[in-house]
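Below: one structure, written as structure tokens.
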Amino acid sequence: MRRAILLLAFVLVATGATAAPSSAQPADQTVGVGETVWLRAGWGACYPGLAWAAAKASVLEWSIDGVPIETQAAWSRPAALDYDPHPGWEPPPGSRGCMGATVSEYGYGSFWEYPIVFDAAGDFEVTRFWTFTHAVTDGGDWDGDGKLDVIRKGTVWEDIFTVHVVAAADDLLAKIKEEGVIRVSTDPAFPPQSSLNPDTGEYEGFDIDVATEIADRLGVDIQWETPAWDLITAGHWQDGWDMSVGSMTVTAGRAEVLHFTPAYYYWPAAVVVHENNTTITDLTTDLDGKKIGVAGGYPGDLWLQGILDYPGYPVEFFVDDPQIVRYDDDSAAIEDLALGDGTPLDAVIASWQTLRDAINEGTPIKLVGDPVFYEPLTVAFDRASTLDPQSLVDGVGRIIEEMHADGTLTDLSMKWYGEDLTTTTT
């Protein structure tokens, strides 16, 4: 009968640097603020079934400074090893290993890994706990007694190591963490995104709540700043504020001077016709050649021309040969459409909120179909910041993704808009 030998291996890998300890005790690591650190563990085996069985025979838990972390990672099923869990390390002299093979010659492995990111400088104690629910062989005759070693059921292994997280001297996030305050720009004349409550003297709105949640998750307070909008979008903030949470649309021009996070919500543009219209029902065909009112130079105008561009976000164009009628603003176009069906307009394209408000006010128009495009609205940072903003950009980006995943952004959207605007799915 062939005997299958297992090897337990652990590595901690930081992006750009790999550490492979020469024993079961993980080595201390030094990484930068915002750098991804991979917690990894693996079973290597001669046979795939036993690699999987060994992995499933143990419970793996982690804590940082004594606080358990939710890793939400799972063991991979056995696969041919594509890397050596312990590069350059061989079994002790006289041990059997995998039928005498070196670690890199083990044929199969089941691996576990989870990324963590430290957003602040300092020394963090990381603890790994293994609890074994079944007895398994642990890799051969490591003690030289001529018998295969066995990890018994109930055995607990504990490894402790330190991650030294260092911040660059010119790191903006490190400065914010040290001072405990992030400066955020807002426009208090832009409800429901942001406004100043005259009774409480406090800012309130969707963007205010989003920015407050970001600051809470960074572990800092907010100092509000109110620069003019054109100063924000122009970049070169001269370090007057650190971050803009102001429903800013991503454009190619802005991307040259600003960093953007993933979108935290999307602003739909929709089509309305006069309430008596019965001929425009399928937007993919029925708008062809029609007289369509838009605010000149704004997204609806650019979309009808087929030149609307949101870097990183696809836009679909499907109206052929439109007769574009330009107005100073959306309200003027809506007023003309309300005069009658086809006189002087067949339809209007404008922001969903503007059209919804007009309908609620009794304007004789109606929405047709789904939104035709969505503006991605993001958090912005100045590329010309004196201190390096990249770790702040990355950290806030991760927070935005977490807020999408845990439903926080959906809840805030429902609170302020009565609709979930955090997705492009209608």
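Brief remarks follow.
- 12 Å cut-off, amide nitrogen to a point 7 angstrom out along Ile324 Cα→Cβ, residues in segment 258-298: 292-298
- Taking Leu173, Leu231, Leu308, Leu412 and counting other C-beta atoms within 10 Å, the order from fewest to most: Leu231, Leu308, Leu412, Leu173
- Dipole axis of segment 169-426 (+1 Lys, Arg; -1 Asp, Glu on Cβ), positive-most option in Leu218, Ser247, Ile280: Ile280
- With all projection directions averaged, the alpha carbon convex hull of segment 169-426 covers 14.2 nm².
- Calculated FRET efficiency for the pair Ala255/Glu401, C-beta based, R₀ 25 Å, to 0.05: 0.80
- Computed from the Cβ-Cβ distance with R0 of 45 Å, the FRET efficiency linking Gln353 to Asp28 stands at 0.25.
- Arranged from fewest to most other beta-carbon atoms within 10 Å of their beta carbon, Ile349, Ile280, Ile160 become Ile160, Ile280, Ile349.
- Extending 7 Å from the Cα toward the beta-carbon at both Thr423 and Phe129 defines two label points whose distance is 3.6 nm.
Where a number appears in this text, it was derived from the coordinates with a stated rule and is not lab data. Keep in mind it's a predicted model, so treat the numbers as computed, not measured. Cβ atoms come from the backbone with ideal geometry, glycine included; neighbour counts cover every protein chain shown.
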